[in-house]
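A quick write-up on the structure given underneath.
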Amino acid sequence: MDVFTTKSGRVRGRRAARDRGIVAVRGVPYAAPPFGARRFREPQPAEPWDGVRDCTAFGPVAPQSAELPGAPSWSPGDEDILTVNVWTPADGPGDLPVLVWVHGGAYVFGSSAQPDFDGTAPAGRGLVVVTLNSRLGFEGFGHVPEPLDADNGVHVPGDSMDGTGKGMPLPGRTIRVPGADAGAAAFPDNRGLLDQIAALEWVRDNISAFGGSPDRVTLAGQSSGATSVACLTVADRARGLFRRAVLHSAVNAFATMEQAARTTAEVAEAAGVPATRAGLLAAPPELLVAATDRVCERYAQDPGSGQRHYDPAIYGPVADGALLTADPLEALAAGAGGAVELLVCHTTEEQWLLDAVGSSAKITSEEQLALFAADFGLPASLVEGHRERLPDAPLLDVYLSLYSGLLFAEYSTRLAEAHALAGGRAFLARFDRRRDPAGQRVRAWHCADIPFAFGNLHEESVHFLLGGPPGAADEELSRRMTRAWAEFAAHGDPGWAALDGPAESGATVQIWRTAAEEDGAEHGFRDLWRAAGLPLLAP
């Protein structure tokens, strides 16, 4: 019987369907449900239980409106959302390296139950794999205002004249709810990140029961999950909880307190509640989820709304002065990553996925492209440089290439470079698989690399990302990528040289392609970005 003893109680798992040598233990609470009296607060310890808890099914997902293929959706009343899942070799020798996974989803959707993230294949490489759910959306990243005085007024910042938050500010206002929240304890920002730290603490305290070593933990994530990992890499509070980090397609998004407060005001207005502690606590999670969707839709429909129009993700990590003080890129450059070793990867056509699923604004005219560049402060030389190097591409592709670099590729690359230049150890890779088994052109777009790294190519729900069912060359690429993750987690060496300076300056960059593909020339956009500089963005 596959029973394991944690500090909260015993849990029962089940042999993985794909590999009977792997045990999967799902839905184990690492913290108490973050609702009721615990809502908007730091994660609290899970309640212990008697007997053996059946952990053969994933736990509930965090509040969200998304319905993802192959994964459960959220229903109001689902509260025990802070859970982990573990895959471990049934007859492992113990003291195995551990890989902890943080999923992406723009900080508002996704879960550890997605088929992409099944840990069977990496566990077959000798890892103990842990995936987790944490708070998302307003529950995880919304700013809950502090009272100003005994009347509990809260200041709601005004917007800016240009709608971007960077222009001339409009007057703010103070909303007062007499007598509400008097003497209440502070509600922290970055609650989703605090949940992830709680999950890492669970790993530290319990993973040896599953054959893993608490001293050999690698924290990994993709997209918003990768940026979460970057944040924890530079956060003192997470120091010592992991020794290596894997970041796939980290997203350029980090908010100031002023920007986070403005988002709260917008969401509260859309929900029809006061932007106060009392007002937000009285709003059920489903109301704030719906209000968030309305705010995002409003930005998407308004071309004059500034940066959020192009990809209306409104939540993200906040420089709260407690957990985080600076964007991870700035913090890594200052040496805050310490001894953590980094493996950073991005795809070569990131933004094309966001365009395909309709979450990125369409740019089809020169006027729209000029407005995009102006909204982000991109110099004309950068735009023209992309146009010259994509001479036969439609205007939309020029825009998507620019946006890919701005949001993902250049930011990810600079994270690795900054850590290496500050004395850390960093490896860089790019995913550029562009041919399907029939030889047809497919996109190396956002998320396409993850099924390869997890070894989950045959899950039907990921075939859209791959351009169809995989072929033999895809299987071999997946084996190489899964092996690289395992070797990095075990030994700190994914199979190629670490950066010793800026990428493309004599340093090795691993390019992930199938053996059937030509080496293929890459567009040389890095020199354009180095000359232009990279603006750091806020969600």
What pairs come up if the first residue lies in region 301-316 and is polar (S, T, N, Q), the second is in a loop (DSSP other than H, G, I, E, B), and their beta carbons are under 6 Å apart, counting only those six or more places apart or on different chains? S305/G163; Q307/T164
Name the pairs whose Cβ atoms lie under 9 Å apart, with the first residue in region 56-73 and surrounded by fewer than 16 Cβ atoms within 10 Å (Cβ to Cβ), the second among the β-branched types (V, I, T), and 6 or more positions between them or separate chains? T56/V25; S65/V108; S65/V289; S65/T292; P69/V462; G70/V462; S73/V61
Can you name the residue in region 296-338 that is over 26 Å from L232 (Cα atoms) and either among the aromatic types (F, W, Y) or in a loop (DSSP other than H, G, I, E, B) (or both) and, of all such residues, is nearest to the chain's Cα centre (by Cα)? Y310
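Does region 273-285 contain at least one residue that is in contact with a Ser or Thr (Cβ under 6 Å, 6 or more places away or on another chain), more than 30 Å from F408 (Cβ to Cβ) and not assigned by TED's automatic domain parsing to the domain that holds L371? Before you say what the answer is, go through the steps one by one.
Keep residues of region 273-285 that are in contact with a Ser or Thr (Cβ under 6 Å, 6 or more places away or on another chain), which gives 275.
Add one more test, that the residue is more than 30 Å from F408 (Cβ to Cβ), and what stays is 275.
Those still in the list that are not assigned by TED's automatic domain parsing to the domain that holds L371 too: 275.
Yes, region 273-285 contains at least one residue that is in contact with a Ser or Thr (Cβ under 6 Å, 6 or more places away or on another chain), more than 30 Å from F408 (Cβ to Cβ) and not assigned by TED's automatic domain parsing to the domain that holds L371.
Go through T218, T227 for me and flag whichever is of a type in the set (V, I, T), assigned to a strand (DSSP E or B) and assigned by TED's automatic domain parsing to the domain that holds L136. Full working, then the answer.
On the way: T227 fails: assigned to a strand (DSSP E or B).
Only one candidate passes the filter, namely T218.
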With respect to P312, is the statement that it is buried (at least 17 other Cβ atoms within 10 Å of the Cβ) and either within 19 Å of A261 (Cβ to Cβ) or of a type in the set (K, R) (or both) true? yes
Which members of region 267-284 meet the condition of being closer than 21 Å to A66 by Cα and surrounded by 22 or more Cβ atoms within 10 Å (Cβ to Cβ)? V267, A268, A271
Given (1) more than 22 Å from the chain's Cα centre (by Cα); (2) in a loop (DSSP other than H, G, I, E, B); (3) crowded, with 16+ Cβ neighbours inside 10 Å, where does A24 come up short, assuming only one miss? (2)
Among (1) touching a strand residue (DSSP E or B) at 6+ places or on another chain (Cβ under 8 Å); (2) closer than 25 Å to G104 by Cβ, D436 falls short only on (1)
Within region 423-460, considering residues that are in contact with a helix residue (DSSP H, G or I) (Cβ under 9 Å, 6 or more places away or on another chain) and of a type in the set (K, R), the one modelled with the lowest pLDDT: R435
Please verify whether D397 is more than 30 Å from L136 (Cα to Cα), out of contact with any Cys (no Cβ under 8 Å at 6 or more places or on another chain) and at pLDDT below 95, treating the condition exactly as stated. no
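Consider R237 carefully, then state whether it is surrounded by 20 or more Cβ atoms within 10 Å (Cβ to Cβ), among the charged types (D, E, K, R), more than 12 Å from V102 (Cα to Cα) and at pLDDT 95 or above. Outline the logic, then answer.
Working: surrounded by 20 or more Cβ atoms within 10 Å (Cβ to Cβ): no; among the charged types (D, E, K, R): yes; more than 12 Å from V102 (Cα to Cα): yes; at pLDDT 95 or above: yes.
So R237 does not fit the description; no.
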So which residues in region 320-348 are under 22 Å from G377 (Cα atoms) and buried (at least 21 other Cβ atoms within 10 Å of the Cβ)? D327, P328, L329
Do you know which residues across region 230-256 are assigned to a strand (DSSP E or B) and either under 18 Å from A333 (Cβ atoms) or of a type outside the set (A, V, I, L, M, F, W, C) (or both)? R244, A245, L247, H248
Looking at region 77-93, I want the residues that are more than 18 Å from A199 (Cβ to Cβ) and have a partner that is in a strand (DSSP E or B) and not aliphatic (A, V, I, L, M) with Cβ atoms under 8 Å, at least 6 apart or on another chain. Which pairs are those? A90/R15
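The values are calculated or read from the model by the stated rules, or taken from the named source; none is laboratory data. Please read all numbers here as calculations on a predicted model, not as lab measurements. Neighbour counts run over all protein chains shown; Cβ positions are idealised from the backbone, glycine included.
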